[in-house]
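A short worksheet on the structure shown next.
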Amino acid sequence: MAFQSNALRTRIPGWGADLDPRNRPAVPREKAPPQGTGAHWEEPERQVAKVKILVSSEHKGLTPVFGTSCPPKGLSGKVREFAFRFSEGRKAHWLLLLMADRIDVLESGFASVLSGKAHNPLKEMGLGSEFERGAFRGRFGQHRSDVQRWRTQILLLLGPIGLVYYVFRRAMRSGTGG
C-alpha cells in the first residue's frame, strides 16, 4: 500500500495530501476554535410566524429563524403546500415547487395587469442598456464564449421545432392517405 501511494503521489500532484497532516497545505490554518463562539445564546430567540410557513416533512418543527419574504398565496401557494406533503428526497416535491414558481410568475403578471402596471419584460431584463453606452457593440469581435455558441443555441431552438414539424407532416400525410 505504501508503494502504491508513493507511486501515485509522484504521478498525481496533491494525491494523498490527507495521509500525513504535515503534507496538507491548510494544516497551519486548521486550528481548534477559541473557547466559545461569541454568541450570547445557546439557541436564537424564536421568531414569531406572522404568515404561513411551509415546513419540510424531514424537520420536526419550525426552525428558530426563518424567511417570510414570499409567503404562499393563490394557486401557487396551494401547489407549494401540496409539494411539502412529499419528502425532499422525492422528485414530486421539487417538480411541484418548480411548477409553483411558474404559476407564481403568471399570477404576478395577471396581478400587475389588473393593477394597471403591466410588466415590461424588455426593460426588466435590461435590454435597453444593450443599445446604450456601446454594450451591444461589445458583444461582437471579442471572442466571447456566449457569442461563439450561437450556432449551438440556434440548433437547440430549431431542432425541436423541426422535429415537431417533421412528425406533424408525417401524420398529415398518413392521415390523408398519401
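What follows draws every value from the coordinates through simple rules; no lab data is involved. Note that the structure is a prediction, hence the values are computed from the model and not measured. Every residue, glycine as well, gets a Cβ built from its backbone with ideal geometry; the counts of neighbours run over all protein chains shown.
Residues LYS117, LYS52, arranged from fewest to most other Cβ atoms within 10 angstrom of their Cβ, appear as LYS117, LYS52. Length gained on full extension, THR37 to GLU130: 28.7 nm, using 0.36 nm per residue less the C-alpha separation. Sequentially through region 107-112, phi angles give Karplus couplings (6.51, -1.76, 1.60; θ = phi - 60°) of 4, 5, x, 5, 5, 5 Hz, Gly and Pro residues having no value and appearing as x.
Placing unit charges on each Cβ (+1 for Lys and Arg, -1 for Asp and Glu) gives region 55-135 a dipole about its Cα centre, and among PHE110, GLY74, SER56 the Cα reaching farthest toward its positive end belongs to SER56. Holding the Cα-Cα limit at 31 Å, pick out from LYS50/LYS123; LYS91/LYS117; LYS52/LYS117; LYS60/LYS117 the pairs that are longer than that. Cα-Cα > 31 Å for LYS50/LYS123; LYS91/LYS117; LYS60/LYS117; rest within. Shown in residue order for region 57-64 are the 3J(HN,Hα) couplings computed by the Karplus curve 6.51 cos²θ - 1.76 cosθ + 1.60 at θ = phi - 60°: 5, 6, 9, 6, x, 6, 5, x Hz (x for Gly and Pro). Scalar couplings 3J(HN,Hα) for region 94-99, obtained by applying the Karplus form with A = 6.51, B = -1.76, C = 1.60 to θ = phi - 60°, are 6, 5, 5, 5, 4, 4 Hz; x denotes Gly and Pro.
Projecting label points 7 angstrom from Cα along Cα→Cβ for MET172 and MET99 puts them 3.2 nm apart.
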